[in-house]
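Engineer: Dumping the structure here so I can ask a few things about it.
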Amino acid sequence: MRHRRKTAKLGVTTSHRRAMLAHIVEGLVEHQRIRTTVDRAKEARRLAEHLITLAKRNTLHARRQVVSALYSENIARRLFERVAPAFSDVKGGYTRIIRDGNRPGDGAQMVFLELTKAIELEEPKPRPKIKGKSEVKPEQLKKEKKKWESITPVKKERIEEKKEKKQKKEEKAEVEKPEEEKKKGGFLTTLRKFLKGDK
């Protein structure tokens, strides 16, 4: 009998299951469609429908509930700003499951979990390249490229030789480190010396 068995365990622990379902819902909100197994899709669908209903309320308490259920504040914001307004005139049925055949390998039944309404996606922002902690702008990259092109071939060779020498020194240092550590002795040898009173 299945008394009080509301949720499927999905063969994982409770914390793992909550995290997995939250990430599936995040993928659904971000991409509008996600491919997963039948059981996972059915469980994720319940969570997604509940969160969209909360987002439609648009209260402070609802926001706190959604943020606590998901792991990304950006996804929660997108849920309130993009997804919830699209379903403002609907009272349920925000998602659907479409069968997709079996997965090669274990033969698991795969499905697409998707939103029933198309939502305008934001244009992805290009990720800035990071050099240390400061961001490198495209103009700076162009300047560096021009500098490298303006250098004479002889200087380029010298720079490359220096880089090679530096790499060799680093490799030698890595090889020599374990031998030095053996000479010094480990934690146990120093502990024995300390206990015996040797210096």
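The values are calculated or read from the model by the stated rules, or taken from the named source; none is laboratory data. Since the model is a prediction, treat every value here as computed from it, not as a measurement. When we count neighbours, we look across all protein chains shown, and the Cβ atoms used for this are built from the backbone with ideal geometry, even at glycine.
Engineer: Considering (1) modelled with pLDDT under 95; (2) among the hydrophobic types (A, V, I, L, M, F, W, C); (3) within 23 Å of the chain's Cα centre (by Cα), say which one ALA41 fails and leave the rest.
Structural biologist: (1)
Engineer: More than 17 Å from GLU120 (Cα to Cα), of a type in the set (Gly, Ala, Ser) and at pLDDT 95 or above, is that true of ALA62?
Structural biologist: no
Engineer: Moving on to the next point. When you scan region 15-29, do you find a residue that is touching an Asp or Glu at 6+ places or on another chain (Cβ under 6 Å), under 25 Å from MET110 (Cβ atoms) and surrounded by fewer than 14 Cβ atoms within 10 Å (Cβ to Cβ), even just one?
Structural biologist: No.
Engineer: Applying the selection to region 11-38, what residues are farther than 16 Å from VAL67 by Cα, of a type in the set (A, V, I, L, M) and touching a residue at least 40 places away in the same chain (Cβ under 8 Å)?
Structural biologist: Of everything in region 11-38, those that are farther than 16 Å from VAL67 by Cα, of a type in the set (A, V, I, L, M) and touching a residue at least 40 places away in the same chain (Cβ under 8 Å) turn out to be ILE34, VAL38.
Engineer: With respect to GLU181, determine if the residue is at pLDDT below 65, outside the structural domain of ALA84 (by TED's automatic domain parsing), over 30 Å from HIS31 (Cα atoms) and surrounded by 10 or more Cβ atoms within 10 Å (Cβ to Cβ).
Structural biologist: Criteria met by GLU181.
Engineer: Follow-up question, since we're still on this one. Evaluate the following for SER68: is it closer than 12 Å to VAL29 by Cβ, under 22 Å from the mean Cα position of the chain (by Cα) and of a type in the set (Gly, Ala, Ser)?
Structural biologist: No; evaluated as a whole, the condition is false for this residue.
Engineer: Here are ALA8, ALA41: which of them is touching a residue at least 24 places away in the same chain (Cβ under 8 Å), hydrophobic (A, V, I, L, M, F, W, C) and part of a helix (DSSP H, G or I)?
Structural biologist: Matching residue, one of ALA8, ALA41: ALA41.
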